[in-house]
Structure formats: C-alpha cells, structure tokens
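Accompanying notes for the structure given below.
The values are calculated or read from the model by the stated rules, or taken from the named source; none is laboratory data. As the structure is a prediction and not an experimental result, all values here were calculated from the model. Quick reminder, even Gly has a Cβ in these numbers, built from the backbone with ideal geometry, and neighbours come from all protein chains shown.
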Amino acid sequence: MALESYNAKRDFAKTKEPAGKIGRKTGNSFMVQKHAASRLHWDFRLELDGVLLSWAVTKPPSGDPSVKRLAVRTEDHPLSYATFEGTIPKGEYGGGTVMLWDRGKWENEADPREGVKKGKLHFKLTGERMKGEWVLIRLKPEGKAENWLLGKIADEFATGADLDFDTGVASGLTMEEIASGIVPTPNPSRTGRGTRLKVNTPPKQIPLPVREGLGVGSAPRAKTKGKGTPPAFVEPQLATLVDTPPTGNAWLHETKYDGYRAVLAVGGGKCVAYTRSGLDWTDRFRAVADAAAALPCDTALLDAEIVALDEQGKPSFSALQAALKDGGPIIAFAFDVLHLDGDDLTKQPLTERKAALKTLLAGALSPLHYAEHVRGGGEAMFAALCAGGYEGVISKKADATYKSGRAGSWLKAKCIQRQEFVIGGWSKSEKGRGFASLLLGVQEEGGLRYAGRVGTGFDDRTLEDLTERFSKLAADASPFAAKLPALAKRGAHFVRPELVAEVAFAEFTADGHVRHASFIGLRGDKPASEVVEEKPVKAKAAAKPAKAKPAPAPTPTGVVISSPDRIVFPELGLTKGALAAYYETVADVMLPDLGGRAISLVRCPQGRAKQCFFQKHDSGMFADSVHSVEIAESDGKTEPYLYVEDAKGLLACVQMGTIEFHGWGSRVADLERPDRLVIDLDPDEAVNFDVVKLAAVLVRDRLKAAGLDSAPMLTGGKGVHVVAPLTPKADWPAVKAWARAFAESLEADEPDAFVANMSKAKRKGRIFVDWLRNQRGATAVLPFSVRAREGAGVAVPVTWDELKSVTAGNAFSAADPAAVLAHARIARPKVKAKVLPSSP
C-alpha cells in the first residue's frame with residue numbers, strides 16, 4: 001500500500017495527525033498505538049521501505065504463545081506517525097484517543113517483503129513491552145478485509161498472559177489523561193521514558209471523629225533523591241476479621257479501602273510496585289509508582305492500597321479493575337512505612353511510623369496520598385463508613401510493631417460479608433449468556449470445599465472475559481474434594497481451580513454455602529491455594545497475642561526460606577523447603593557453571609502450576625548475595641543483569657520463588673567472549689528419545705571433526721544439549737555465525753532428521769537444532785537446574801557412555817537430590833575447552 005489511502009481518509013485541517021509522505025527506506029522501527037476509536041484496538045506497525053505497515057489488533061498483544069490475536073491489515077502510515085499520541089476529533093476517520101503503547105526495533109532474517117507477499121512474517125522485537133519472537137500469519141481472504149493473526153513464539157520472553165499495560169511508553173499518561181489534554185512534564189526519575197503525572201484528587205472524606213495530629217504542618221523533606229536501590233520486598237501484615245471494631249484509645253482506625261494491596265519499594269529515583277504475594281505489578285500501577293519514585297528520599301518501603309473511584313467518589317473494586325484494563329486513573333493511599341533511608345522502622349510503634357510517613361508524603365504527587373486515621377471511636381467510625389457505603393474499617397494497635405503475615409494487632413470489620421473464593425466451575429445459561437453462575441469453593445484441610453454459587457454482578461464485559469478464561473481452564477473432573485449437591489452438579493462445567501473471585505454475600509448457610517451472593521471481580525493478587533473461609537471473631541479475642549510460631553530455620557548457607565511448606569510441584573507434593581534442600585545439596589556441583597555468569601530466572605512464587613515468569617534484570621528485591629552487572633542491550637541502553645557467586649546467592653534466588661536457572665554463554669568477567677557452545681537438540685513430540693540420542697552422537701562426531709570436544713546434558717525436558725567448552729577468544733558474532741553454519745550444515749546433510757529453522761510446521765517429525773542459544777543475550781538452562789514442569793525434572797550432564805542407557809531427557813528429578821548428587825560426583829564428564837575453529 002502507498003500513502004495515498006492514508007492521506008485520502010484524513011482532513012489535516014481538522015486532525016493533528018501528520019500528513020503522509022514516504023520517509024527513509026532503511027529503518028527497522030516498530031511501534032504499537034492503543035486506539036480508542038469506535039472500538040478499542042491496538043495498531044501494530046512495522047517500518048519497511050519508508051512507511052509503516054499497519055495492522056489493527058482487536059485485543060492487547062498476548063505473551064502467551066497459545067493465544068493468537070486477530071490483526072486486520074489497514075492502510076500504510078507515514079514514519080512521522082510513529083510518535084503520534086493525542087486525540088483525533090470525533091467525526092474524523094479513526095476519531096478517538098491514541099496512546100503510544102510500545103516502541104522499539106524489529107528484525108527479520110528472511111526478506112520481509114517476501115514474507116508480506118506470502119502471508120507470513122516471523123520476526124524478533126526489541127521493544128519496551130513486546131520482546132522476543134513473534135509471528136504474523138495471513139488468513140484466507142474474506143471479502144475485502146485482509147485478516148492476519150498475531151502471536152507470540154515460545155521463548156524466554158513468553159509470559160503466559162496478556163501484555164496489559166495502561167500507560168504510554170513515552171508520556172506515562174493513561175488514555176483518560178491523554179483525552180483530557182494533560183501535557184506531560186519531564187520526570188527526572190524516568191528520563192526519556194515517562195512523566196510525572198497530574199492525576200485525580202483524593203476522594204472526599206466522610207465525617208469522622210477528630211483526627212490525631214501526627215506531623216501536621218510539617219514541611220516537605222528537602223532531601224533530593226539519592227543513589228540507593230529499592231529495598232527488597234517484605235511480606236505485608238494482614239488483618240484478622242472481627243465482628244465489630246475494638247474499643248478504647250489504644251487503637252487507630254483507618255478506612256478499609258476497596259482495592260489492591262501494594263508494597264512500594266523506592267530507591268534511586270525508581271519504584272517497584274509489588275502485590276501482596278510479591279508479584280511485580282509496576283507497569284499496572286505505573287502512575288502510583290512514578291509518584292512514589294519522585295518522593296524526597298534515598299530509599300523507602302511503603303505499604304499502601306491501590307484504588308479507583310466510582311462516580312460517587314468512593315473506592316470501588318469494580319472501578320479499579322476497569323481502570324487497570326482501560327487505562328483509567330488510579331490512586332494510592334499509603335498507610336505505613338517499613339524502611340526509610342536505610343533505617344528499618346518495623347520495630348518502631350505504629351504512631352512513629354505514621355508520623356514519618358506523613359512527613360514523607362507532605363509534598364507527594366497527586367496519585368499518592370496519606371491514609372488518615374482516628375484514635376479511639378472505632379465503633380462510631382465504623383457506623384459512619386457503613387452508612388456512607390464504604391467497605392469497612394481497619395483497626396491497628398497504636399504501639400504495635402510491624403509483623404508480616406496475619407496478626408492480632410491489625411483487625412478488620414466489614415460492613416457487608418465479602419471475601420475471596422476459588423472458581424471451580426460454571427453452569428450453563430439458558431438465556432444465551434456465557435454462563436448462568438459460578439461454582440465457588442474455599443480451601444480446607446481435605447481439599448477444595450464447595451461453598452455455593454454466585455449468579456449476579458456480571459456485566460457483558462465480565463461475562464466475555466470469564467468465558468474466554470474458562471475455555472483455557474476447562475477440566476473433565478470436579479476440583480471439589482466432596483461430591484457436589486445434585487442442584488450444583490446439574491449442568492456444571494468444571495475448570496482448573498486457579499481463578500480467585502471476590503464475592504459479596506448476605507451470610508453463610510448452615511451447610512457453608514453463600515446466600516444472596518454478588519460477584520465483585522477477579523483477584524489477580526492472591527493465589528487460589530491461600531483462599532480459606534474467613535470467620536469473624538470477637539475483637540478482644542483476636543487482639544490477644546497469639547503463641548508465636550517458630551521462625552523458619554535458616555539453611556546451612558544462612559538463608560531463611562519463608563513458607564517452606566508451600567507446595568511447588570503439586571503432582572509430587574514437593575515443597576519450597578524441599579526445593580531449597582535440593583539446591584543446597586547440589587550447590588557445589590552446580591556453581592562451577594552457574595557462578596559468575598549472567599542469568600535469567602524462571603520464578604514461580606506460588607508453585608510451578610501457577611503464574612511463572614522470566615526475570616533477568618535486578619529489580620532490587622533480592623538479597624545482597626545476589627549481584628548485578630550493568631550490560632548494554634541492543635537498543636543501546638544498559639540494564640542490571642543478575643548473577644550469583646556462591647551457594648548463598650543460589651539459595652537467595654530460591655527464596656524468591658526461583659525454580660529454573662538459565663545462563664549466558666559467557667561470564668560477567670569477560671562478557672563479550674563466550675566460554676561455551678550449546679547445540680540444543682529440541683525434538684518434535686513425535687520423535688522418539690532414542691532418535692534424539694543418536695542425533696546427539698552425530699553432533700558430537702561432527703564437532704570432534706571440526707576440532708571441538710563436547711559432552712551431552714539431559715535438559716530435564718524432552719531434549720539434549722551438546723555442550724562444547726570454548727577458550728574465550730572468539731566474540732559473539734563469530735560464535736553465533738559458527739553455530740548457525742553448523743546447524744544449517746546438519747540440516748543440509750540430514751534433511752529428514754534435522755531442521756535449523758524454528759518454524760513449528762518445519763519441525764514436524766524432526767529435531768530442531770537450536771543454534772540461537774549462542775547469541776549475545778540468549779540463555780540456556782544450566783546444569784543441575786530444576787525445570788518448572790511436571791515431575792521436577794533436572795538438567796543433568798552425563799557421559800557419552802551413560803547416554804546410551806538413559807531413557808528420557810527428564811530421567812533425573814529434584815525429588816531425589818541424593819541420586820542427582822551421586823551421579824554428578826561419579827559420572828560427570830570432563831571436557832577440555834578448545835578455541836573456536838575457523839569453520840564447522
């Protein structure tokens with residue numbers, strides 16, 4: 001397409017969009033613009049031959065390789081459109097708000113013009129949000145529309161979730177702020193990448209008793225932001241449910257806000273925003289994180305609640321979910337400070353912590369607010385909040401220290417019954433809707449207990465969203481431990497018990513089922529494994545000091561593993577403590593390959609069956625034994641990459657939910673010269689493992705003929721890595737080119753057995769020779785790393801003789817660390833490093 005179509009559709013006297021003219025012909029930029037036209041969509045654009053090839057994607061791009069998004073080809077746009085953000089007037093073509101949602105570079109090894117012609121583009125993105133390999137595939141023509149599918153290729157950047165960001169990458173503004181005409185102002189904490197935001201004012205306060213004056217009239221701190229790093233995540237303190245608030249002046253009472261709990265870690269002009277379970281939701285809470293990053297301190301760790309306001313100016317969980325999805329305004333009420341400028345305040349009384357917090361927030365930007373309180377008068381405040389339509393009250397002992405987990409020094413009283421439930425299934429609708437009701441459950445000692453149904457509170461958007469989620473979670477068997485009542489079982493469709501719903505209800509019946517229930521929203525910040533029935537107790541009983549549970553004993557390295565009984569591999573019953581014990585056992589044999597090497601981690605904080613994600617950059621949440629090194633990326637920016645040097649660092653990663661360790665092909669001391677070559681033999685599902693073993697031997701022989709010694713490593717999955725140690729002299733381009741030539745020569749000589757192209761179609765019945773592990777920034781699973789897969793398979797080096805008798809790539813398991821260690825000490829191959837030959 002030329003730009004005639006683009007120009008013909010627009011009246012440039014009315015729209016601020018740039019007029020179209022052909023630009024330079026050699027660029028490779030890409031960008032995505034979120035566009036609220038007649039229908040919300042994401043415009044995906046690739047620079048080619050002086051214009052921007054454009055597709056309208058119907059939903060946000062997904063990092064889940066199993067999800068494909070419809071992408072409708074639209075007219076080419078000029079290069080000058082790449083930075084456009086603003087509002088196209090109503091009545092004009094594409095009228096609505098436009099946000100610059102992502103930007104970066106794209107690479108395509110084949111000729112992209114030929115790819116567009118044939119209807120398939122396989123490319124790599126280096127964006128701020130979209131990263132790694134992606135594919136665009138054209139569907140068969142239907143009328144005039146040219147429909148394509150946009151999908152993620154499985155790689156280290158695959159997330160298993162939508163890339164659901166709510167602010168612009170350049171401005172940091174939400175769609176509503178762009179539409180309102182707010183002009184971003186430079187934010188020194190996000191130079192070149194974002195803004196300080198002018199967001200909404202706090203909600204009107206309801207009438208409350210006289211507030212205790214803490215820090216009133218204090219001047220804002222004059223200190224400027226220093227060079228500290230954000231403090232590590234601390235598990236937040238939780239409140240115990242009571243029937244009525246406690247009495248007396250020993251208690252402070254705060255509004256119970258209807259939102260998401262957040263721990264804000266501030267340092268060096270940056271802020272990382274964590275959920276209550278430690279997930280990094282900084283991008284979802286960007287406006288709040290930016291406001292916190294601008295606080296006048298070196299470092300701070302704040303406890304807060306993220307909320308959005310409804311039309312009456314009150315916090316609403318439904319409004320918050322809509323705001324996070326559509327880019328609406330959010331605000332935060334901070335109610336505690338745990339660390340400040342290097343000082344641990346958790347041992348200080350609450351009154352002193354709140355005084356320090358109020359002083360710190362005196363000059364905070366508008367999305368971040370101090371949570372007011374009253375001293376005494378809890379029952380009167382509770383009555384006023386309930387009358388005003390609020391959720392309830394939080395009561396805190398004025399002189400109490402801060403304790404992670406649930407404690408009697410924090411109590412909560414709710415105006416209406418409301419709590420989280422696990423969704424175990426759904427019943428079919430007779431009215432043509434997605435479903436009629438949801439089957440709810442709570443965790444008990446014997447498994448998931450059925451707790452009734454909820455059939456109200458769903459709007460059309462929620463019905464569509466949940467129906468799509470249920471299609472991916474469908475299960476044949478009931479997840480409930482006991483037999484369901486006949487009425488609930490009739491017409492029930494079951495799902496894997498992974499989604500958590502917040503539900504309001506009148507009461508529990510005698511058999512433990514909810515009455516008059518109404519759906520509020522999904523909770524993405526709480527794992528299903530932790531959802532239990534909340535039973536209110538008397539305030540006096542709750543406030544009595546509980547017998548202290550013994551703190552988890554540190555491992556021999558000195559690292560304390562929190563929640564050691566949490567199940568990480570449900571099919572084995574393998575716990576977090578057992579996983580730590582495995583890594584403690586193999587640390588000595590693992591560290592020669594792991595130590596001093598830039599790593600990427602696969603973290604699964606709630607277990608391998610829950611949400612897992614890759615992490616390669618240091619977000620400041622790890623212990624000091626986990627180090628970082630600044631590495632320049634392909635876009636010229638430097639980022640802090642993780643590495644460890646000893647068993648203490650290894651265990652510190654496991655403490656933060658790490659299951660897998662993947663490493664660069666070079667050490668941090670000599671980053672640009674690899675010290676190993678990895679030929680990853682990744683078989684199609686139809687290929688027998690005996691064939692994979694024969695292929696590994698063939699690779700060994702060809703490497704030997706070229707002058708390299710090698711050893712096999714079982715990957716802990718279905719494949720084998722053939723690893724050749726290198727004397728670190730050749731640079732990355734040379735090693736990458738050598739590996740590619742080697743893989744392509746294998747395919748040329750044995751085309752029925754090997755393929756050097758990652759295309760799924762071409763891999764059918766063959767082994768993919770993954771040479772891409774040997775490029776700068778790529779990683780490969782490291783020896784003795786556990787895999788986040790069913791069975792807890794381990795990547796284990798073996799000798800060539802031993803490979804003959806091995807029956808699978810996951811022959812070893814973390815469930816038997818002694819067997820792994822015994823094997824490593826007896827049969828680990830010894831291979832001499834060689835200089836990379838001139839040609840394969």
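Mind listing whichever residues of the stretch 759-771 are buried (at least 20 other Cβ atoms within 10 Å of the Cβ) and either at pLDDT 95 or above or not charged (D, E, K, R) (or both)? Show your work before the answer.
Start the filter on the stretch 759-771 by keeping residues that are buried (at least 20 other Cβ atoms within 10 Å of the Cβ), which leaves 766-771.
Of everything in the stretch 759-771, those that are buried (at least 20 other Cβ atoms within 10 Å of the Cβ) and either at pLDDT 95 or above or not charged (D, E, K, R) (or both) turn out to be 767, 768, 769, 771.
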For the stretch 483-504, how many residues are buried (at least 16 other Cβ atoms within 10 Å of the Cβ) and either in the same structural domain as residue 259 (by TED's automatic domain parsing) or part of a strand (DSSP E or B) (or both)?
8
Residue ID - nearest to residue 62 (Cα to Cα), chosen from residues in the stretch 461-482 that are touching a Gly at 6+ places or on another chain (Cβ under 9 Å) and surrounded by fewer than 16 Cβ atoms within 10 Å (Cβ to Cβ):
468
Can you confirm whether residue 51 is assigned by TED's automatic domain parsing to the domain that holds residue 138 and under 25 Å from residue 166 (Cα atoms)?
no
Within the stretch 722-733, residues part of a strand (DSSP E or B) and of a type in the set (Gly, Ala, Ser) come out as 724
Do any strands (runs of 3 or more DSSP E) lying entirely in the stretch 392-475 carry at least 2 residues that are among the basic types (Lys, Arg) and more than 30 Å from residue 247 (Cβ to Cβ), and which ones are they?
447-454
I'd like to know if the stretch 573-594 contains one or more residues that are touching a strand residue (DSSP E or B) at 6+ places or on another chain (Cβ under 8 Å) and under 28 Å from residue 339 (Cα atoms).
yes
Based on this model, can you work out whether residue 355 counts as small (Gly, Ala, Ser) and either part of a loop (DSSP other than H, G, I, E, B) or more than 21 Å from residue 258 (Cα to Cα) (or both)?
yes
Within the group 428, 403, 412, which residue is more than 28 Å from the chain's Cα centre (by Cα) and under 21 Å from residue 335 (Cα atoms)?
412
For residues in the stretch 430-448 being within 14 Å of residue 483 (Cα to Cα) and not aliphatic (A, V, I, L, M), which is modelled with the lowest pLDDT?
446
Answer from 241, 208, 214 - the residue that is within 25 Å of residue 299 (Cβ to Cβ) and either modelled with pLDDT under 50 or surrounded by fewer than 20 Cβ atoms within 10 Å (Cβ to Cβ) (or both)
214
Name the residue, out of 739, 756, 748, that is surrounded by 17 or more Cβ atoms within 10 Å (Cβ to Cβ), in the same structural domain as residue 789 (by TED's automatic domain parsing) and either without any contact (Cβ under 8 Å) to a residue 40 or more places away in the chain or farther than 28 Å from residue 667 by Cβ (or both).
756
Given the conditions (1) crowded, with 17+ Cβ neighbours inside 10 Å; (2) within 30 Å of residue 524 (Cα to Cα); (3) of a type in the set (Val, Ile, Thr); (4) modelled with pLDDT under 90, report the number of the one that residue 568 does not fulfil.
(4)
Would a scan of the stretch 669-686 turn up a residue that is closer than 29 Å to residue 607 by Cα, part of a helix (DSSP H, G or I) and under 27 Å from the mean Cα position of the chain (by Cα)?
no
With criteria (1) at pLDDT below 90; (2) within 25 Å of the chain's Cα centre (by Cα), residue 311 comes up short on (2)
